[in-house]
Amino acid sequence: MKVFVTGGAGYVGSHAVRALCDAGHDVVVLDNLSKGHEQAVDGRARLVVGELADVELLDRELIGGGFDGVMHFAALADVNESVRCPGLYYENNVVNSVRLLAAMERAEITRLVFSSTCATYGEPEACPITEDMRQQPINPYGRTKLAMEWAMRDAVDAWGLGATALRYFNASGAAADGSIGEDHTPETHLIPIVLQVALEQRDGVKIFGTDYPTPDGTCVRDYIHVDDLASAHVLAIESQKPSTFRSYNVGTGRGTSVREIIEAARTVTGHPIPAEEAPRRAGDPPKLFADPTKIQSELGWSPVHMDIESTVAAAWRWHSAHPHGFSPASQEAAP
Ligand code: UFG
């Protein structure tokens, strides 16, 4: 299968590109490298550096390009930034995505796998979360992802697109060989922040909220290993039929609290990782974890990494070998 991957130089995208190449697929990556990293793109894929907003570029690549499908990762994904700059998020995550749908229609490509998010559920009615629960996002980021899900459904009805929305929970971990991993600037996610403390790049981690209605008072999330997310993408694109919309929650089905993450990181790194209790961060739901039954039964997917310590250990292999991420200074020796 020949697959066009937008955002294939980013964190989840680069792991999916590698999984596609491993499965024998032919891959072309489009990335503007604003957040992604050239070094993260598998050498077996062709990288086109350009903008999703460049409609002529899309037509040049897609029309007559022999593509069977598209995986669409390119997006902005910082919830706080989306609250401050909603226009930027609607432009990148909705307008550009709708342009991609139009380009796919012109090129007659009918398979799409889209990076959606558990943030489309907002504060869920219950946990674990099933796909049929009400989608009522509580921030612009979640709303832009939900808007694209609706645009996809309409394209399915209008011109025969076949599309899958993979609603990720908390992407985490790194490739088993430690060669690619998470590198965001600025970093806002819990696991990389905790590991930066272990690398002594930060003094400590703040625990945002200790009075939530959860067993230890801290927020509970479903940390899904990025390689398990990648395998879900490969199964989704391979099984995609035209004129069909599917949505799947992609998580382990297990919740882990902030304190449990810090504890796992202490075990994995051997560093005491000082932690300070801090007020709640605005917009954090107390508890989010998936019911992944639908993707398990329909696609035969199941996560390989069920143990949070092994996911934190995978992230640690990446961060300790690349203390400055993909930047040239990453050649420094591990501590
Ligand atoms: N947290 C801390 N201290 C930190 C950073 C995070 O206590 O320094 C806490 C957060 O408050 C939250 C948990 O750790 O309770 C996880 O936070 P992350 O920022 O790592 O991840 P989120 O759950 O906020 O975000 C993820 C995805 C988003 C998505 C969101 C849906 O990264 O893209 O889930 O709620 F929108």
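A few comments on the model shown:
- Across region 123-153, the residues whose backbone nitrogen lies under 20 Å from the label position 7 Å along the beta-carbon direction of Ser297 are 126-134.
- For the chain, the 222 nm mean residue ellipticity estimated from helices alone, with every DSSP H stretch of n ≥ 4 adding -39500 (n - 2.57) and the total spread over all residues, rounds to -10500 deg cm²/dmol.
- Treating each Cα of region 100-161 as an identical point scatterer and summing with the Debye formula, the log10 of I(q)/I(0) at q = 0.14, 0.21, 0.29 Å⁻¹ comes to -0.47, -0.84, -1.17.
- Note that region 131-138 has calculated 3J(HN,Hα) couplings of 5, 8, 6, 4, 9, 9, x, 10 Hz, one per residue in order, obtained from phi through the Karplus relation 6.51 cos²θ - 1.76 cosθ + 1.60 (θ = phi - 60°); glycine and proline are x.
- Using distinct alpha-carbon pairs, which all enter the 1/r mean, Kirkwood radius of region 1-142 in Å: 15.9
- Taking the Cα centre of the chain as reference, the dipole from Cβ charges on Lys and Arg (+1) and Asp and Glu (-1) amounts to some 320 debye.
- Three-way shape call for region 98-215 based on the alpha-carbon gyration tensor, with the a/c threshold at 1.5: oblate
- Under a model in which nothing but the beta-carbon of Lys, Arg (+1) and Asp, Glu (-1) is charged, region 260-305 shows a dipole of about 80 debye around its Cα centre.
- Extension gain for Arg266 to Thr185 (0.36 nm times residue separation, less C-alpha to C-alpha distance): 26.8 nm.
- Exposure ranking of Met306, Met71 by accessible area [1.4 Å probe, largest first]: Met306, Met71
- Cα gyration tensor, region 190-335 - rounded (a/c under 1.5), prolate or oblate: oblate
- Rounded to whole Å, sorted largest first: equivalent-ellipsoid semi-axes of the chain, Cα gyration tensor: 31, 23, 18
- For Val94, Val70, the ranking by accessible surface with the largest value first comes to Val94, Val70, using a 1.4 Å probe.
- Dipole-positive endmost among Ile193, Val220, Ser14 within the chain (Cβ charges, Cα centre): Val220
- Database remark: amide H of Val205 closer than 5 angstrom to the amide H of Ala275, Glu276 (H placed geometrically; neighbours at sequence offset of 5 or more, or on other chains; Pro and chain starts carry no H).
- Residue-wise HN-Hα coupling along region 247-255, computed from phi with Karplus coefficients 6.51, -1.76, 1.60 (Hz; x: Gly, Pro): 10, 9, 7, 10, x, 7, x, 10, x
- Label-point separation in nm, Ile63 to Glu200, each point 7 Å along Cα→Cβ: 5.9
- Measuring only protein heavy atoms, the 1.4 Å probe finds Cys127 accessible over about 40 Å².
- Links that overshoot a 24 Å alpha carbon limit, given the list Lys206/Lys294; Lys35/Lys294; Lys2/Lys241; Lys241/Lys287; Lys145/Lys294; Lys2/Lys294: Lys206/Lys294; Lys35/Lys294; Lys241/Lys287; Lys2/Lys294
- Accessible-area rank, largest first, for Trp150, Trp159: Trp150, Trp159, with all protein chains present and a 1.4 angstrom probe.
- Ligands, DNA and RNA are left out, and with a 1.4 angstrom probe the accessible area of the chain is 41 Å² per residue.
- On the basis of the beta-carbon distance and an R0 of 35 Å, Glu105 and Val83 show a calculated FRET efficiency of 0.60.
- Rounded to the nearest 0.05, the FRET efficiency derived from the C-beta distance between Ala53 and Asp157 at R0 = 25 Å is 0.45.
The values are calculated or read from the model by the stated rules, or taken from the named source; none is laboratory data. Please read these numbers as outputs of a predicted model, since none were measured by experiment. Positions of Cβ are backbone-derived with ideal geometry, glycine not excepted, and every protein chain shown enters the neighbour counts. The area values use the complete protein model at the heavy-atom level, side chains included, leaving out ligands, DNA and RNA. Shrake-Rupley method; radii C 1.70, N 1.55, O 1.52, S 1.80 Å.
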